[in-house]
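The values are calculated or read from the model by the stated rules, or taken from the named source; none is laboratory data. Please read all numbers here as calculations on a predicted model, not as lab measurements. Glycine gets a Cβ as well: all are built from the backbone with ideal geometry, and neighbour counts include every protein chain shown.
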Amino acid sequence: MSSLHILAPVTGASVADCVDETPKVPFSPDVLSFIAALSTHLMSHPEAKTHPELVALGFWLRTSHMQVLKSQQPSGLSKALGLVLHFTPANVDSMFVYSWVCSLLMGNNNIVRVASAESAAKNVLLHTLNVLFAQEQFNKIAKRNLFVTYPRESSLSAELSLHADARVIWGGDASVNSIRALPIKPRCRDISFADRYSAALINGDALSEQSQVNQLADLLWRDTKPHAQQACSSPRVIFWLGNTLQQQALFTQVNALAAQQNPEIQKLNNHLVVTQMLQSTGKAGQVLIQQHICALPVSEIKPVFLEWHLGGGLYLLKTLEQLDELAIYMDAKMQTLSYWQVDKSDLLKLVEQPSIKGVDRIVPVGQALDFSSEWDGFDLFSQLTRKIEFI
């Protein structure tokens, strides 16, 4: 494995140890201590504080939340699978940590193949992990968890796959399928997080006061800013139900929030190019705003529109007269639907329709990026453990 580079732990680590070490029991005390230390470091590290996704991760890892997750683990006797191999996404540089932590909590050993793309947030995260792995109290955790990188064309994905008892695969459809095609153990499980997109549903009839506009803008930007809208759960489409009078005001306020960041010329150019491409189809109107963000009304949502979408604060705005009109857009590619001032029972009734193949998460606007152990339709705690039937 000469082309494999171990990023963490930087000393005393080997693939052989990670493969051979006995897994732990779910929610072992030393794992919980390690996660608590990781949370503390991420929330106190000066450089980590400049990356909202790392602050959010540190908050998610806090001890009180780990206790909530502990209460959600499968009932009865469950044991770790063994070795879990993780393939991380290139465009969302900390999202994979959540699934790794779920596997770690379940007692598994882990090898995490980190994408080679440079990222300041990723570097902070790896530095933090190395600081903790170097501590004597976490020596056993370090032996069971490797963060590695190697060239895409390497045979290492195939070699490592033969050791895996489960693979967690993040990436585009083509990348996911190429990894799934690699030979594995007969009982190895694949958990795939492939190309998805998400949307927000806003009830315009309930939006009238400026204070509401400001609050909603804060929530929408909270779901957009981390990962530059590249996360599958960040809303790229806004479905607007009812009165449209406050559309301009809302996106003007979101734009004001985006203006607090340093402007990126490439992002603004991307907005301009994608907007022109969409308008050339005859399905897009005049932009509501095109400055630090871009809000573009469209008459329909086509798959190719989402393929063209490059993130960075671009919202495709589709107006609905009735909630039932949303059903035709809830295809298998839609992951998260966030909502604002829409009746939950009406949403449940809509999603229960057998014809709807998409939507694995329905959450309030502002919570689209809040990771759960149930993600993309998978119960990760169940998927990453072996259930023992005892009668």
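Observations
- Of all residues in segment 71-102, those satisfying the criterion of being in a helix (DSSP H, G or I) and out of contact with any Leu (no Cβ under 8 Å at 6 or more places or on another chain) are 96, 100.
- Lone unmet requirement of (1) in the same structural domain as residue 99 (by TED's automatic domain parsing); (2) crowded, with 16+ Cβ neighbours inside 10 Å for residue 185: (2)
- Extreme residue, farthest from residue 99 (Cα to Cα), among residues of segment 333-369 that are touching a residue at least 40 places away in the same chain (Cβ under 8 Å) and surrounded by fewer than 17 Cβ atoms within 10 Å (Cβ to Cβ): 364
- Among the residues making up segment 313-332, a single one is out of contact with any Gly (no Cβ under 8 Å at 6 or more places or on another chain), surrounded by fewer than 21 Cβ atoms within 10 Å (Cβ to Cβ) and in a loop (DSSP other than H, G, I, E, B): 322.
- Considering residues of segment 64-93 that are closer than 30 Å to residue 118 by Cβ and aliphatic (A, V, I, L, M) only, the residue surrounded by the most Cβ atoms within 10 Å (Cβ to Cβ): 84
- Test for residue 306: is it under 24 Å from residue 170 (Cβ atoms), aliphatic (A, V, I, L, M) and not assigned by TED's automatic domain parsing to the domain that holds residue 282: no
- Top-ranked residue in segment 257-296 [being under 23 Å from residue 201 (Cβ atoms) and among the small types (Gly, Ala, Ser); ranked as nearest to the chain's Cα centre (by Cα)]: 258
- For segment 284-295, the criterion of a residue being surrounded by fewer than 20 Cβ atoms within 10 Å (Cβ to Cβ), assigned to a helix (DSSP H, G or I), out of contact with any Gly (no Cβ under 8 Å at 6 or more places or on another chain) and not charged (D, E, K, R) is satisfied by no position.
- Test: residue in segment 129-145 that is closer than 15 Å to residue 96 by Cβ and in a helix (DSSP H, G or I): yes
- For segment 59-115, the set of residues classified as among the β-branched types (Val, Ile, Thr), touching a helix residue (DSSP H, G or I) at 6+ places or on another chain (Cβ under 8 Å) and more than 23 Å from residue 192 (Cβ to Cβ) consists of 63 only.
- Residues (touching a residue at least 24 places away in the same chain (Cβ under 8 Å) and in contact with a helix residue (DSSP H, G or I) (Cβ under 7 Å, 6 or more places away or on another chain)) located in segment 285-308: 288, 289, 291, 292, 293, 295, 301, 305, 308
Yes/no per residue for (1) outside any helix (DSSP H, G or I); (2) in contact with an Asp or Glu (Cβ under 8 Å, 6 or more places away or on another chain):
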| position | (1), (2) |
| --- | --- |
| 237 | yes, no |
| 240 | yes, no |
| 243 | yes, yes |
| 251 | no, no |
| 256 | no, no |
| 261 | yes, no |
| 276 | no, no |
| 279 | no, no |
| 297 | yes, no |
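- Residue in segment 36-45 that is surrounded by 20 or more Cβ atoms within 10 Å (Cβ to Cβ), in contact with a Gly (Cβ under 7 Å, 6 or more places away or on another chain), assigned by TED's automatic domain parsing to the domain that holds residue 141 and of a type in the set (A, V, I, L, M) present: yes
- Filter pass, residue 244 being within 16 Å of residue 292 (Cα to Cα), assigned by TED's automatic domain parsing to the domain that holds residue 326 and modelled with pLDDT of 95 or more: no
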